[in-house]
Every structure is written in C-alpha cells, then in structure tokens.
Amino acid sequence: MILVLLGAPGAGKGTQAKFLSEKLNLMHISTGDILRDELKKGTELGKKASQYMQKGELVPDEIIVEMIKNIMSDPKSQNSKNGFLMDGFPRTLNQAQKFDEMLLSLNLGINKVVNIDVKKEELIKRLSSRRVCHSCNNICSLNDQKNGGLIEEGKCPVCGGQLYQRKDDEERVIMQRLEVYETQTRPLIDYYAEKGVLVNIDGMGSEEKIAERIVSTL
Ligand code: AMP
C-alpha cells in the first residue's frame, strides 16, 4: 500500500504518520526527518539542505527525488513492511510526476492521498508552539494541557529528553513556509483529485479524532 499525507506545515502530518505507519505496518518516510538527520550527522546532503530549510524554502527537487528513489528501490525497504507512508513528499507538481514514474517502474501505484485541512491561523498557532524531542523525535506543543508542566520545562513527556524548537518554526520562517505551501504544494490537491485518489480530512480537533477520521476513509 502507498499512502500519501498532504497538508500545510503544522497540519499534523508527522503526528498522524507515526500513528498510521504503526497501525498499518507501513514504512514511514518523512523527507523532513531524513534531511534533519542528515544535518545532525553533518553530511554534505544535510549541509546543503539546511541552507534552504532555514529560510523556509524547499530543497531542490533533484535532491529530494534522488533520496526517495534510493529508499524505495532498496529491496530491504520493499520487503520489510506492507508498503510506504509518505509524509512531506511530494511537495511540488514536478516531484509528484517523478514519483508517479518511479512507482510505475516498480509496479506500484498510490492507493490514497489524505489531505489534512487546517485553517491558516491555527497552523501559525501550532507551529509557533511546537517543540520536538532531541532523543525520541516526539512532537509536542506548549499548548498541551495534559503534561504536568514538563513541556514548559523543556522536557519530553514521553522519554524525559530535551525539547527544542525547530529553527524553521520561528515566526519569520513560518510565514515563508506557509507561502511556499500555497504556491508550490497546494496545487497537488487538484492533481490527486483528478486522479481520483484524494480524500479531504478536517484537521481540526484532537489527534485521536483526526486519526479516526483518516482510518475511516481507508
Ligand atoms: P517538514 O519537516 O516536512 O516540515 O520539512 C522541513 C523542511 O524540509 C521543509 O521546509 C523543506 O525545506 C524541506 N523539505 C522536506 N520535504 C521536502 C520536499 N518533499 N521537497 C522539498 N523540500 C522538502
């Protein structure tokens, strides 16, 4: 199964991807996480990508498409799970077309594209209060009431690790990322609707409610 999660930054793709990939035994491919890992490891790819990421711009298509090609054509990836869950890829029409070609050559096709829809004001609120754990990559929010004050103290409620704010979650960069989403990524909604694989999901409400909505469409 090939599942694609679409949505603006802050729509909740990462959170839902973690849940869905476990539930459906899919390999979770987050291009943002891969690039951040590369940067942590200090690779050339990571350094190159970070120049774009810090400004809220997209990393060039050739780099991203090559990265995905390598993962998907690796027999280990193909055999290990029931399929792939794409989180943050594709993000441009060119990437979507290249992805279709790649899947065709592997005798695969997209089963569903889930578009998580959230209003702009809510996206800004979520992104500016988002914190990520250095140790376990857990995503949490300063607005989360159920954490006994841990998040405000900078501690991960799951593993106790140190929380940090992503550089691109700073206000100035958030606005640029939302602009990039509007111009480069939103057109994918029509692209996949025309192919008959798109479902729209209301992304407002609790994580559990949104997960339920997604699962009910699969
Ligand atoms: P994310 O964690 O998905 O919000 O991605 C963080 C940043 O990584 C984005 O703002 C881009 O700079 C870069 N990035 C992630 N996925 C892609 C992609 N498919 N195409 C281009 N850039 C990407």
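The values are calculated or read from the model by the stated rules, or taken from the named source; none is laboratory data. A quick note: this is a predicted structure, and the numbers were derived from the prediction, not measured. Methodologically, a virtual Cβ is constructed for each residue, glycine included, from the backbone with ideal geometry; neighbour enumeration extends over all protein chains shown. Ligands, DNA and RNA are excluded from the accessible area calculation, which covers all protein heavy atoms including side chains. Shrake-Rupley method; radii C 1.70, N 1.55, O 1.52, S 1.80 Å.
What Kirkwood hydrodynamic radius, in Å, does the chain give when the mean of 1/r is taken over all pairs of distinct Cα atoms and then inverted?
17.9
Given R₀ = 25 Å, FRET efficiency for LYS146-GLU122 by Cβ-Cβ distance, to 0.05?
Numbers: r = 19 Å, r/R0 = 0.76.
E between LYS146 and GLU122, to the nearest 0.05, is 0.85.
Full extension from ASP33 to ASN94: what is 0.36 nm times the residue separation minus their Cα-Cα distance, to one decimal in nm?
Full extension of this stretch gives 19.9 nm more.
Placing unit charges on C-beta atoms (Lys and Arg positive, Asp and Glu negative, everything else neutral), compute the dipole magnitude of the chain about its Cα centre in debye, rounded to 20.
Computed about the Cα centre, the dipole is about 360 debye.
Report the net charge of residues surrounding PRO60, where surrounding means a beta-carbon distance below 11 angstrom and charges are Lys +1, Arg +1, Asp -1, Glu -1.
Result for the neighbourhood of PRO60: -3.
If r is the Cβ-Cβ distance from VAL215 to GLU153 and R0 is 41 Å, what FRET efficiency results, to the nearest 0.05?
0.75
Using label points projected 7 Å from each Cα along Cα→Cβ, tell me how many nm separate SER77 and ASP61, to one decimal.
1.9
For ILE189 and THR43, what is the calculated FRET efficiency with R₀ set at 35 Å and r taken between the beta-carbons, to the nearest 0.05?
Calculated transfer efficiency: 0.60.
Output the antiparallel fraction of DSSP beta bridges having both residues in the chain, as a percent to the nearest 5.
25
Please identify the trypsin sites (Lys or Arg not before Pro) of region 21-52 that satisfy two criteria: DSSP loop assignment and at most 12 other Cβ atoms within 10 Å. Which are they?
Passing both the DSSP loop test and the Cβ count: no residue.
Working from Cα positions, state the angle (0 to 90°, nearest 10) between the long axis of helix 44-53 and the longest principal axis of the chain.
70
At 222 nm, what helix-only mean residue ellipticity would the chain give, in deg cm²/dmol to the nearest 500, using -39500 (n - 2.57) for each DSSP H run of four or more?
-14000 deg cm²/dmol
Separation between the LEU106 and TYR164 pseudo-spin-labels, each 7 Å from Cα along Cα→Cβ, expressed in nm?
Here the modelled spin labels are 3.0 nm apart.
Could you work out how much longer the chain between ILE139 and GLU179 gets when fully extended? Use 0.36 nm per residue separation minus the Cα distance between them, nm to one decimal.
12.1 nm
Which value in Å does the Kirkwood hydrodynamic radius of region 98-168 take, with 1/r averaged over all unlike C-alpha pairs and then inverted?
Taking the inverse mean of 1/r over all distinct Cα pairs, region 98-168 comes out at 14.7 Å.
May I ask you to order 70-80, 129-139, 25-35 by the average number of other C-beta atoms within 10 Å around their residues, highest value first?
On the way: 70-80: 11.7, 129-139: 16.5, 25-35: 18.8.
Descending mean neighbour count gives 25-35, 129-139, 70-80.
Kindly report, to the nearest 10 Å², the accessible surface of MET1 as traced by a 1.4 Å probe over protein heavy atoms only.
80
Over what distance in Å are the Cα centres of region 17-64 and region 120-137 separated?
A separation of 16 Å, based on Cα centres.
Going by alpha carbons, how many degrees (0 to 90, nearest 10) lie between the helix axis of 31-41 and the longest principal axis of the chain?
With rounding to tens, the tilt is 60 degrees.
Please determine, in degrees from 0 to 90 and to the nearest 10, the orientation of helix 61-73 with respect to the longest principal axis defined by the Cα atoms of the chain, where the helix direction is its Cα long axis.
Once rounded, one gets 70 degrees.
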